[in-house]
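Below is one structure, written out as structure tokens, with a few remarks after it.
Quick note: the coordinates plus some simple rules give every number you see, no bench work behind them. Since we're looking at a predicted model, the values are computed, not measured. Here the Cβ positions follow ideal geometry from the backbone for every residue, glycine too, while neighbour counts run over all protein chains shown.
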Amino acid sequence: MIRIITYLMVYVFGISLTLAQIQSEEILINNQAIQLPGTLTFSSEQQALIIWVHGSGGVDRNGNQPNYIKQFRDAINKENIAFFSYDKRIVNPKNAIYFKDGIYITDFISDLKEVISHFKKDKRFSKIIVAGHSQGSLIGMMALKNVDKYISIAGTGETIDKTLLKQIKLQSPNFVETTKSHLKELKETGEIKNVNPNLMMLFAKPNQDFFLSWMALDPLEEIKKVKIPTLIINGDKDIQVQTSDARKLKEAKPNAELVIIKNMNHVLKDIQKEEDNMNSYYSSEYPISKELIETIVLFVKK
């Protein structure tokens, strides 16, 4: 019995020691007047560092309610890989004063370039990997100077207007034609004069310039320019971005690795029941996909 207790104490002490080795630093990165606060976690120097690039919307460094970015962080740190994520510029209220002239997708690209530049100067890390999720997939592939490897997670394989129409068709089929008309008007004239009230949250005036700048970028053309090792990932339970998008990206960049993760949805959760898919967007109780972590660890350490 004494021997068993001793083994148990050693085991528990070993776990505590491992957890204690994870260091956390709060870092503020400035892109001119824009403030990008973030969290860096690592367990030792000369580890590879993953820089996370958020998807669309106001996403903080942890991934809001579903907490998927923090779950990713915790899992990847256990594999001796460093991790940094930051609050998007639209999340930090201190930045609001600078949005009066609108926001463009190039602003997010500029933010990421500043973050990469910061860590390129930090000699504690052996290499830099950019992991772009959803909208961040496109942003990531356009900011790869001084980056060693690139990961696209749930990235679209077409311009955003085409993806938007697919999503509207699934969620609100009655507004497909109106959406199509609005997008056409936006591309041809640069604005939508009379927005359907039911689509106002999507096409409000402050969003129109952003959509216009986003639609101008084609992920299939941009990924062809990527010269570093690339991993393309999508989940087969993703209801926002289809696995066919990942395959299109792979076709555009044949030397990239492609992995379709079984039972993973758009917020990277492992989904065993269909009714849990949407529920996982609002809860941190659902676990992150283990296959996702295993796939990324293999790619990073290769």
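Observations on the model:
- Listed residue (Leu186, Tyr86, Ser284) projecting farthest to the positive dipole end of the chain, Cβ model: Tyr86
- Dipole magnitude (debye, nearest 20) for the chain, charges at Cβ of Lys, Arg, Asp, Glu: 640 debye
- Lys123 versus Ser181: modelled label distance in nm, points set 7 Å from Cα along the beta carbon direction: 6.3 nm
- q = 0.19 Å⁻¹: log10 I(q)/I(0) that the Debye formula gives for the range 160-203, counting C-alpha atoms only: -0.52
- If the chain linking Asn198 and Ser24 were pulled fully straight, counting 0.36 nm for each residue of separation and taking away their Cα-Cα distance, it would gain 58.3 nm.
- Debye intensity ratio in log₁₀ form over the Cα atoms of the chain, taken at each q of 0.06, 0.08, 0.16 Å⁻¹: -0.21, -0.37, -1.42
- With Rh defined as the Kirkwood radius, the inverse of the mean 1/r over Cα pairs, the Rg/Rh of the range 165-283 is 1.03.
- Once the Cα-Cα distance is subtracted from the 0.36 nm per residue extended length, the Asp236 to Asn80 segment shows a gain of 53.4 nm.
- Applying the criteria of a DSSP loop state and at most 14 other Cβ atoms within 10 Å to the trypsin sites (Lys or Arg not before Pro) of the range 120-211 yields Lys121, Lys123, Arg124, Lys145, Lys193.
- Length gained when the stretch Lys262-Lys227 is fully extended (0.36 nm per residue, less Cα-Cα span): 9.8 nm
- Most mobile listed residue (Ala82, Ala131, Ala256) in the chain, GNM with C-alpha springs under 10 Å: Ala256
- The GNM of the chain, with springs linking C-alpha atoms under 10 angstrom apart, assigns the highest mean-square fluctuation among Gln32, Gln167, Gln71 to Gln32.
- GNM top mover of Asn196, Asn263, Asn174 - the chain, alpha-carbon springs below 10 Å: Asn174
- Helical segments meeting 18 Å axial Cα length and Kyte-Doolittle 0.5 threshold in the chain (DSSP H): 2-20
- FRET E, pair Tyr98, Lys162, Förster distance 30 Å, beta-carbon r, rounded to 0.05: 0.45
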